[in-house]
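The structure appears right after this line, and notes come after that.
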Amino acid sequence: MKEKIICVLMLISIKMSAQQIDTAARDTGKAKKLKEVIVTATRSAKDLMTVPMPVSTISNKEIKNRGLVRLDEILNEQTGLSVLPDAHGQGIQIQGFSADYTMIMLDGLPIIGRTTGILDLARITTNGIDRIEVVKGPVSSLYGSEAMAGVINLISATPPLGASASLATRYGTNKNADVSLNAAYATPRLSIAGFINRNSSGGYSLIPSSGSPTVSPFYGYTVNGRITYQLTPHTDLRLLVRNYTNTTDNNYRVDSGQVAGSGTEHNFSISPYITHLFSEKFAGELRLYRSTYQTTSLLNYTTTNAIYDETYFNQAFNRAEVQSDYRVYAKLKLTSGAGAQYETVNATRYDAKQSFTSGYAYGQGDWTPIKKLNVIAGGRFDAHSVYRSQFSPKLALSYQLSDKFVILGSTGKGYKAPDFRQLYLNFTNAVVGYSVFGYEEAAAQVAKLQQQGQIQTILINPNNLQPLNAESSTGYNLGYRYGPVKSFMWTANFFRNNIRDLIDAQPIAIKTNGQSVYSYFNIHSVYTQGAETDFSYNFLKHWTVAGGYQYLQAYDHNVLDQIKAGKLFGIDPKTRETVKITKSMYGGLLNRSKNMANARLNYQDDQTGIIASVRVIYRGRYGFSDLDGNGIVNRDDEYVKGYVLFNASVSKLFYHNQIRFQLTGENLGDYKQPLTISNLPGRLLYAGFTYNFHKQ
């Protein structure tokens with residue numbers, strides 16, 4: 001009981017200190033620094049220094065001081081994370097994995113609403129967040145599918161006792177505006193907190209002559225509410241509710257004319273749960289979760305008002321889960337849980353409403369056999385209504401060579417289940433004419449096209465397609481954390497991920513219009529490996545310098561085998577002669593930079609209330625396209641050039657730190673690559689204002 005209470009108090013104290021930091025910035029330097037705690041890596045609170053996996057946190061203070069208000073903005077400045085632009089939004093790449101393979105969570109609950117596998121990070125506000133926890137490497141042993149590359153978990157702030165409120169605004173280039181109004185009231189037993197956030201943009205076009213915007217004008221609202229009530233000294237009730245809506249004003253030029261219309265996006269989530277301390281050693285919780293995601297889009301010709309395209313997409317995710325924590329004795333803690341999920345999707349690209357049913361159970365032991373050694377072992381079993389069952393084990397160890405130096409090592413399996421798109425998609429591009437069918441639809445839809453006389457050649461008989469398996473990986477991480485003095489921390493991690501059965505789309509037939517028919521296959525066996533390091537150093541009372549670097553290799557085994565056998569060729573762009581590809585010419589998987597780095601210099605003077613920071617982000621060149629038709633990147637003109645971004649912010653606190661004025665600049669060098677990088681609109685300048693109120 002004592003240990004549990006200490007653990008809970010430690011969590012509460014960390015959250016409360018972060019919540020009040022903007023209004024008490026001058027006092028933070030005098031306060032006793034508490035140990036940093038992370039919950040995502042083990043599903044329970046654990047001292048960051050001893051967590052035996054590569055993890056990092058981004059604090060509320062860091063987010064506010066940089067003037068960043070959306071999740072993509074803050075993640076883009078972190079070591080080893082790369083924000084990838086896509087027509088459907090901005091996703092995140094971790095350890096060389098595409099955006100599909102990272103689970104994004106809010107308070108431990110997965111956020112749904114992916115398009116072509118990407119969850120748009122720009123739709124998530126950082127308002128109301130206490131900290132962001134990033135766990136790298138496979139975490140499927142706790143979180144199942146989509147956690148093959150890692151997990152990013154946004155932890156909501158807990159309000160301080162009494163009444164509190166805040167108003168935060170930011171406005172700048174491209175009419176980008178962000179306004180948040182927060183309010184909370186808390187007593188020792190009851191806590192009520194919520195906010196409303198409005199985010200809007202006038203959009204921008206990197207190629208104005210195209211007649212189409214790169215990002216269309218939009219406005220969106222996020223409404224968030226949290227209620228916690230202590231029913232008894234041993235029982236807590238909690239309710240989380242979140243609603244997000246977004247409306248986009250589209251206006252495009254297509255081959256047949258100009259089209260315009262609106263698109264809407266709506267995500268609603270609700271999660272009631274109860275936690276109970278059964279005894280001094282045993283605690284449990286029951287959590288229910290429902291989340292829905294809907295989009296609609298209607299485009300009409302501007303000249304005739306005739307419908308050009310009309311689509312809808314409806315997804316629902318339901319989960320019931322129980323978890324228990326049992327402390328066998330002081331040095332051994334067991335965590336176990338089980339749950340069931342029911343998912344549905346109904347959309348214009350599917351012939352009928354589709355559904356998945358799944359169940360899972362997991363267990364984990366957290367053992368400290370000797371003072372310096374921590375061992376975490378566990379696994380998760382997933383049973384699914386469509387694909388075969390999965391078991392994802394994990395083993396992680398940390399060893400303290402001293403109080404200042406900890407060695408970390410972990411290995412685990414991850415997996416990603418085939419999604420609705422890969423199984424049931426039925427899509428034909430009305431403009432270009434190609435078709436994409438999910439595995440379950442391919443045979444019937446190709447037969448239908450044959451009956452209509454639209455098939456010229458069958459490349460692969462769709463009746464002979466092999467059932468899709470879940471993609472899987474085995475990950476290895478080895479690193480250390482080193483803090484020789486209180487003001488300095490240095491971390492490093494070496495990683496390797498062996499990935500099997502990656503799902504990709506390949507042509508199975510040629511249409512009479514010359515376009516292809518695609519379906520999905522388990523075809524790739526790839527690996528990613530590399531190293532990353534990060535450091536921070538506080539000096540001269542007010543200054544902090546920090547930075548990080550990642551080196552990455554990501555290769556397809558099949559391509560390497562072809563190169564070794566001398567069976568892969570390309571075309572020299574100057575001579576147009578055929579050349580044999582060597583390993584040194586192979587650029588690896590698309591969208592992966594071998595080198596990425598960042599550096600930042602922060603200044604904070606609590607006496608004057610002046611806070612400033614300058615950040616530099618470097619992304620090395622990466623493969624973007626295949627111009628000589630051999631399926632790989634092997635020529636200089638197939639790369640996007642490397643680039644450097646400069647971001648900066650400065651703010652001034654007034655009136656007992658309750659008022660903050662802030663100026664923020666992103667991409668100050670005005671760097672653009674209009675044809676290849678859609679999320680760099682050029683220099684962005686913002687002015688912001690924040691007012692905080694708190695009364696006990």
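The values are calculated or read from the model by the stated rules, or taken from the named source; none is laboratory data. The model shown is predicted, which means the values in this text are computed figures rather than measured ones. Please note: Cβ atoms are built from the backbone with ideal geometry, for glycine as well, and neighbour counts cover all protein chains shown. For the accessible areas, the whole protein counts, side chains as well, though only heavy atoms, and no ligand, DNA or RNA atoms are used. Shrake-Rupley method; radii C 1.70, N 1.55, O 1.52, S 1.80 Å.
When the range 649-659 is filtered for residues that are open to solvent by 60 Å² or more (accessible area, probe 1.4 Å) and either touching a residue at least 40 places away in the same chain (Cβ under 8 Å) or not in a loop (DSSP other than H, G, I, E, B) (or both), the ones remaining, listed by number, are Val650, Lys652, Phe654, His656. If you go through the range 481-507 and keep only what is assigned to a strand (DSSP E or B), at pLDDT 90 or above and of a type in the set (Val, Ile, Thr), you end up with Thr491, Ile499.
If I filter the range 458-468 for residues that are within 30 Å of Ile118 (Cβ to Cβ), at pLDDT 90 or above and under 30 Å from the mean Cα position of the chain (by Cα), do I get at least one hit?
The answer is no; no qualifying residue exists.
If you go through the range 513-567 and keep only what is open to solvent by 60 Å² or more (accessible area, probe 1.4 Å) and at positive phi, you end up with Leu540, Lys541. Condition first: open to solvent by less than 30 Å² (accessible area, probe 1.4 Å) and more than 30 Å from Ser191 (Cβ to Cβ). Now tell me which residues in the range 213-241 satisfy that. Passing the criteria: only Ser216. For Thr214, are the conditions met, namely being free of Cβ contacts under 8 Å to residues at least 60 places away in the same chain, in contact with a Leu (Cβ under 8 Å, 6 or more places away or on another chain), of a type outside the set (Asp, Glu) and over 30 Å from Met53 (Cβ atoms)? No; evaluated as a whole, the condition is false for this residue. Contact list please: Cβ distance under 7 Å, first residue in the range 362-379 and among the basic types (Lys, Arg), second residue in a strand (DSSP E or B), pairs at least six apart or on different chains. Final answer for the pair search is Lys372/Tyr399; Lys372/Gln400. The set of residues in the range 663-696 that are in contact with a Leu (Cβ under 7 Å, 6 or more places away or on another chain), assigned to a strand (DSSP E or B) and either open to solvent by 60 Å² or more (accessible area, probe 1.4 Å) or closer than 16 Å to Tyr643 by Cβ (or both) comprises Glu666, Tyr691. Put simply, of Ile132, Ile92 the only residue that is within 24 Å of Thr214 (Cβ to Cβ) and of a type in the set (Val, Ile, Thr) is Ile92. The residues in the range 597-635 that are open to solvent by less than 40 Å² (accessible area, probe 1.4 Å), free of Cβ contacts under 8 Å to residues at least 60 places away in the same chain, of a type outside the set (A, V, I, L, M, F, W, C) and assigned to a loop (DSSP other than H, G, I, E, B) can be counted, and the count is 3.
Residues checked against (1) of a type in the set (Ser, Thr, Tyr); (2) surrounded by 19 or more Cβ atoms within 10 Å (Cβ to Cβ); (3) under 20 Å from Ser98 (Cβ atoms):
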{"position": "Ile581", "(1), (2), (3)": "no, yes, no"}
{"position": "Asn591", "(1), (2), (3)": "no, yes, yes"}
{"position": "Asn595", "(1), (2), (3)": "no, no, yes"}
{"position": "Asp637", "(1), (2), (3)": "no, no, no"}
{"position": "Asn647", "(1), (2), (3)": "no, yes, no"}
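Reported count of residues in the range 472-512, each being open to solvent by 30 Å² or more (accessible area, probe 1.4 Å), among the charged types (D, E, K, R) and at negative phi, is 4.
Give the residue that is farthest from the chain's Cα centre (by Cα), with candidates limited to residues of the range 110-124 that are assigned to a strand (DSSP E or B) and surrounded by fewer than 22 Cβ atoms within 10 Å (Cβ to Cβ).
Thr115
Of all residues in the range 86-109, exactly one satisfies the criterion of being open to solvent by 30 Å² or more (accessible area, probe 1.4 Å) and aliphatic (A, V, I, L, M), namely Ala87. Search the range 372-393 for residues being among the charged types (D, E, K, R) and outside any strand (DSSP E or B), and hand back the single one that is least open to solvent (accessible area, probe 1.4 Å). Only one residue tops the list, namely Lys372.
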